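Some notes on the structure that comes next.
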Amino acid sequence: MPEPNRIVIVGGGITGLAAAHRVMELGRERGLQLDIRLFEGSSRPGGVIGTVRRDGMVLECGPDSMITDKSWGLALAKRVGLEAEIVGTNDEHRRSFVVRGGKLMPVPEGFQLLAPAKFGPLAATPIFSWPGKVRMAMELVIPPRKGEEDESLGAFVLRRLGREALDRMAQPMIAGIYGADPMELSLQATLPRFREMERAHGSVIRGMWARSKAAVSSAGNGGAPGGSQQGVSGARYGLFVSFRKGMQSLIDGVLATLPENCVQLGDPAASLSPLGAGWKVTTGSGNEWQADGVVVALPACAAGELVSPLDLELGRMLSEIPYAGAATVALIYRREDVPHPLDGFGFVAPKREGLSILGCTFTHQKWPNRAPEGTVILRAFLGNREATTLDRDGLVEVTRRDLSRLLGMSTPPLDVQVSAGKRWMPQYRVGHLDRVGEIERRSSALPNFALA
């Protein structure tokens, strides 16, 4: 019997686990015998994805969902047998709020992240001044920008929609997604569809009208499910899906497909050395593994350290992709202890409001079966400053202070769940896609090597 192909995967987050699963699929398709080893330095696989289940509650430590118009996660879930476990957001209260003057105000119907698609709700909202509303409406007649060079997401919003659209809506929405300043984020690497609308239709608003019309037509012709977006404000909630028992189900589902002893925990890969046409992988404990091929599935900041001895320039480019800290703090209350009606999925908070939290999800409202009857889960998000300077008690303290100010609680929570990391959020700066292209070009020159 021929020797199996030995594949080492470095990193046990969802990227590394998905890579291991894909290698197995390719092996079966091509009739190859494989010996796969995945090395993860921590005591558990899954990276930032994790779910705590206790007392009838489902509490997410990291992301709470996948988005279906980026179909790879959903496809993976189906391939590992989780299709029946996929759930969408609740149909009721499918809207969000933004903090304005210390109060929660509904995001105008049809306002999606950066721009309004309906002028009636925009005219009625107190979130913007009349000059700000007029400036947004003028987006229809502002000529599109020429050229292909990247620009910051913030500069794009300023150019097309004006200062109030940026400060009062786009900035908090983007901070809640990327934990970053929109004036630094690459438009092409984060929300390229808005640039595509400008190119194709000469206007973001006209592009949103065209997409809405196409979506209605598709739904009328039996198009793909995902929930109607009519009446939705803020995010396109019909595109978000999770699992009945939380996002940990995806990690567990992929793990269940991998061979026994494939995943090695608590002993990270410390160095890679070329060995003939293959590789020698040395772990932190000094164990050595020979591999025919290597997949590095670490965050870029960690991958840079590992590959620098192989290609100094490749290591530098990876290491220079910045990462920010982030934290989530879930506070659990009795429903009667929260005066606010919580008639939405959550809110975001503009920087100008002076709060520590970036936003909050009303988890029990957003997803089915996340909390026992009469219990609410308020899951707040905090950015780099708080995540890197405050301990657990400090994170809970500032979260309680901000949420009590906005939602009116005066009693302590029944329970608390805190998760934090100092390098959780990659920051896709202007020019990021050019950097990624060069990283992929250089990494492809290494034999039997891949970056995921």
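The values are calculated or read from the model by the stated rules, or taken from the named source; none is laboratory data. This structure is a prediction, so every number in the text was calculated from the model and none was measured. Cβ atoms come from the backbone with ideal geometry, glycine included; neighbour counts cover every protein chain shown. When the accessible area is computed, the model is the full protein with side chains, heavy atoms only, and any ligands, DNA or RNA have been set aside. Shrake-Rupley method; radii C 1.70, N 1.55, O 1.52, S 1.80 Å.
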Out of (1) part of a loop (DSSP other than H, G, I, E, B); (2) in contact with a Lys or Arg (Cβ under 8 Å, 6 or more places away or on another chain); (3) open to solvent by less than 40 Å² (accessible area, probe 1.4 Å), what's the single condition that is false for LEU59? (1)
Is at least one residue of the stretch 399-409 assigned to a loop (DSSP other than H, G, I, E, B) and touching a residue at least 24 places away in the same chain (Cβ under 8 Å)? yes
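If I ask for residues that are over 26 Å from GLN427 (Cα atoms) and part of a strand (DSSP E or B), which ones from the stretch 334-361 would you list? I'd like the intermediate steps shown before the answer.
Taking the stretch 334-361 first, the residues over 26 Å from GLN427 (Cα atoms) are 334-344.
Matches in the stretch 334-361: ARG334 only.
This table checks each residue for (1) aliphatic (A, V, I, L, M); (2) closer than 28 Å to ASP69 by Cβ; (3) not in a loop (DSSP other than H, G, I, E, B).
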residue	(1), (2), (3)
SER242	no, yes, yes
ASP267	no, no, no
VAL329	yes, no, yes
ILE332	yes, no, yes
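Looking only at residues that are among the small types (Gly, Ala, Ser) and farther than 20 Å from PRO131 by Cβ in the stretch 143-168, which one is least open to solvent (accessible area, probe 1.4 Å)? Outline the logic, then answer.
Here is the first cut: in the stretch 143-168, the residues among the small types (Gly, Ala, Ser) are 147, 152, 154-155, 162, 165.
So of that shortlist, the ones also farther than 20 Å from PRO131 by Cβ come out as 147, 152, 155.
Values: GLY147: 36, SER152: 11, ALA155: 34 Å².
Here the residue is SER152.
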Subset of the stretch 394-449, residues acidic (Asp, Glu) and open to solvent by 30 Å² or more (accessible area, probe 1.4 Å), comes to GLU397, ASP415, ASP434, GLU438, GLU440
Determine the pairs where a residue that is touching a residue at least 24 places away in the same chain (Cβ under 8 Å) and surrounded by fewer than 16 Cβ atoms within 10 Å (Cβ to Cβ), located within the stretch 263-282, has a partner that is of a type in the set (S, T, N, Q) and not in a strand (DSSP E or B) with Cβ atoms under 6 Å apart, the partner being 6 or more residues away or on another chain. LEU265/SER43; GLY266/SER43; ASP267/SER285
By residue number, the members of the stretch 20-50 that are free of Cβ contacts under 8 Å to residues at least 24 places away in the same chain and on the phi < 0 side of the Ramachandran plot are ARG22, LEU26, GLY27, ARG28, GLU29, ARG30
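Residue under question is VAL376, and the condition is that it be in contact with an Asp or Glu (Cβ under 9 Å, 6 or more places away or on another chain), of a type in the set (A, V, I, L, M, F, W, C), in a helix (DSSP H, G or I) and open to solvent by less than 50 Å² (accessible area, probe 1.4 Å); does it hold?
On the way: in contact with an Asp or Glu (Cβ under 9 Å, 6 or more places away or on another chain): yes; of a type in the set (A, V, I, L, M, F, W, C): yes; in a helix (DSSP H, G or I): no; open to solvent by less than 50 Å² (accessible area, probe 1.4 Å): yes.
Judged against the criteria, VAL376 is not a match.
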Looking at (1) surrounded by fewer than 19 Cβ atoms within 10 Å (Cβ to Cβ); (2) closer than 15 Å to GLY359 by Cβ, which is the only condition MET183 fails? (2)
Going through (1) out of contact with any helix residue (DSSP H, G or I) (no Cβ under 8 Å at 6 or more places or on another chain); (2) open to solvent by less than 40 Å² (accessible area, probe 1.4 Å) one by one, ILE86 fails only at (1)
Hits in the stretch 83-120 - residues which are of a type in the set (A, V, I, L, M) and touching a residue at least 40 places away in the same chain (Cβ under 8 Å): ILE86, VAL87, VAL98, VAL99, LEU104, VAL107, LEU113, LEU114, ALA115, ALA117
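Does the stretch 101-131 hold any residues that are part of a helix (DSSP H, G or I) and open to solvent by 10 Å² or more (accessible area, probe 1.4 Å), and which are they? Break it down into steps so the answer makes sense when it comes.
Within the stretch 101-131, the subset part of a helix (DSSP H, G or I) is 119-124, 130-131.
The answer is PHE119, GLY120, PRO121, ALA123, ALA124, TRP130, PRO131.
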Going residue by residue through the stretch 69-84, is there one that turns out to be in contact with a strand residue (DSSP E or B) (Cβ under 6 Å, 6 or more places away or on another chain), at pLDDT below 95 and not aliphatic (A, V, I, L, M)? yes
Out of (1) surrounded by fewer than 18 Cβ atoms within 10 Å (Cβ to Cβ); (2) in a loop (DSSP other than H, G, I, E, B), what's the single condition that is false for VAL134? (2)
Kindly indicate whether GLU305 is farther than 19 Å from ILE9 by Cβ, open to solvent by 60 Å² or more (accessible area, probe 1.4 Å) and not in a loop (DSSP other than H, G, I, E, B). no
Only unsatisfied item for ASP64, checking (1) part of a loop (DSSP other than H, G, I, E, B); (2) over 22 Å from the mean Cα position of the chain (by Cα); (3) crowded, with 20+ Cβ neighbours inside 10 Å, is (2)
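It is to be established whether one or more residues within the stretch 378-388 are among the acidic types (Asp, Glu), touching a strand residue (DSSP E or B) at 6+ places or on another chain (Cβ under 8 Å) and more than 12 Å from ALA326 (Cα to Cα). Reasoning before the result, please.
Quick first cut of the stretch 378-388, residues among the acidic types (Asp, Glu) only: 386.
Next, from what is left, pick out any that are touching a strand residue (DSSP E or B) at 6+ places or on another chain (Cβ under 8 Å): 386.
Applying the additional criterion that residues be more than 12 Å from ALA326 (Cα to Cα) yields none.
The answer is no; no qualifying residue exists.
One line per residue, one yes/no per condition, for (1) modelled with pLDDT of 95 or more; (2) surrounded by 15 or more Cβ atoms within 10 Å (Cβ to Cβ); (3) in a helix (DSSP H, G or I); (4) touching a Gly at 6+ places or on another chain (Cβ under 9 Å):
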site: ALA224; (1), (2), (3), (4): no, no, no, no
site: GLY227; (1), (2), (3), (4): no, yes, no, yes
site: VAL232; (1), (2), (3), (4): no, yes, no, yes
site: GLY246; (1), (2), (3), (4): yes, yes, no, yes
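Determine whether LEU314 is open to solvent by less than 30 Å² (accessible area, probe 1.4 Å), at pLDDT 95 or above and farther than 20 Å from LEU38 by Cβ.
Numbers: open to solvent by less than 30 Å² (accessible area, probe 1.4 Å): yes; at pLDDT 95 or above: yes; farther than 20 Å from LEU38 by Cβ: yes.
Considered against the rule, which asks whether it is open to solvent by less than 30 Å² (accessible area, probe 1.4 Å), at pLDDT 95 or above and farther than 20 Å from LEU38 by Cβ, LEU314 comes out as yes.
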